[in-house]
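Have a look at the structure below, then the notes.
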Amino acid sequence: MKRLIVAGAVALLCAGGAAGAQEDAMSPAEIVAARQASLMMSGVTMAAIKSALDAGAPAQSMGFSSAALTRWSRALPGMFPAGTGPDALGAATKAKPEIWTDRVGFEASAGDYAAAAARLQDLIAAGDTAGAQAQFMVVRASCQSCHDAYRS
């Protein structure tokens, strides 16, 4: 299980950083594929944190995963550059056009998610398992609210 968590977090970090760094070199379809893979890895990372919390694991054991999630959350808006929405690609993405037509709202939602993830990371680093359990629910709700508004 620990290997899966570490592998997932490493892949998440790599995908988030690589997509932003190579945006000019990637086609819109490649950007969407990288975005979708990164979003899946963020889901795996969240599931790993939730499983560890449910199992009563020491908070510090989730440090790498929470750091990866925080880093991803900060990179998230950059994974949606112009030209990678449904208008440009048709059915290749579940991203709603509102990501681009309501960019301020999208970036505010992504900022809320990033702040919630950073708070989770801080609680985990402090060894506050009870606080991390409560904050995980905030992260999950923030993630879901963005999906509700910006994902079809």
* Describe numerically, in nm with one decimal, the distance between label points set 7 Å from Cα along Cα→Cβ at VAL104 and at GLN60. => 4.5
* Structure fact -> Lys and Arg at +1, Asp and Glu at -1: neighbours of ALA115 with Cβ under 13 Å from its Cβ sum to -1
* Asked: What is the extension gain from LYS94 to SER27, computed as 0.36 nm multiplied by their sequence separation minus the C-alpha to C-alpha distance, in nm to one decimal?
  -> 22.4 nm
* Structure fact -> Computed from the beta carbon distance with a Förster radius of 25 Å, FRET efficiency for VAL138 and ALA82 to the nearest 0.05 stands at 0.25
* Structure fact -> The set of residues whose placed amide H lies less than 5 Å from the amide H of ARG151, leaving out same-chain residues fewer than 5 positions away, is LYS96
* Asked: Given 0.36 nm per residue, what is the gain on full extension from ASP128 to HIS147 after removing their alpha carbon distance, in nm?
  -> 4.0 nm
* Asked: How do LYS50, LYS94 stack up against each other in accessible area, from largest to smallest, with a 1.4 angstrom probe?
  -> LYS94, LYS50
* Leaving ligands, DNA and RNA out of it, rank VAL32, VAL138 by accessible area with a 1.4 Å probe, largest first. => VAL138, VAL32
* Asked: Residue-wise, which Karplus ³J(HN,Hα) couplings in Hz belong to the stretch 32-49, taking 6.51 cos²θ - 1.76 cosθ + 1.60, θ = phi - 60°, and x for glycine or proline?
  -> 4, 4, 5, 4, 5, 5, 5, 5, 5, 5, 5, x, 5, 5, 5, 5, 5, 5
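The values are calculated or read from the model by the stated rules, or taken from the named source; none is laboratory data. What you see is a predicted model, and the numbers here were worked out from it, not measured in a lab. All Cβ positions, even for glycine, are placed from backbone atoms using ideal geometry, and neighbour counts span all protein chains on display. Accessible surface areas use protein heavy atoms only, side chains included; no ligands, DNA or RNA. Shrake-Rupley method; radii C 1.70, N 1.55, O 1.52, S 1.80 Å.
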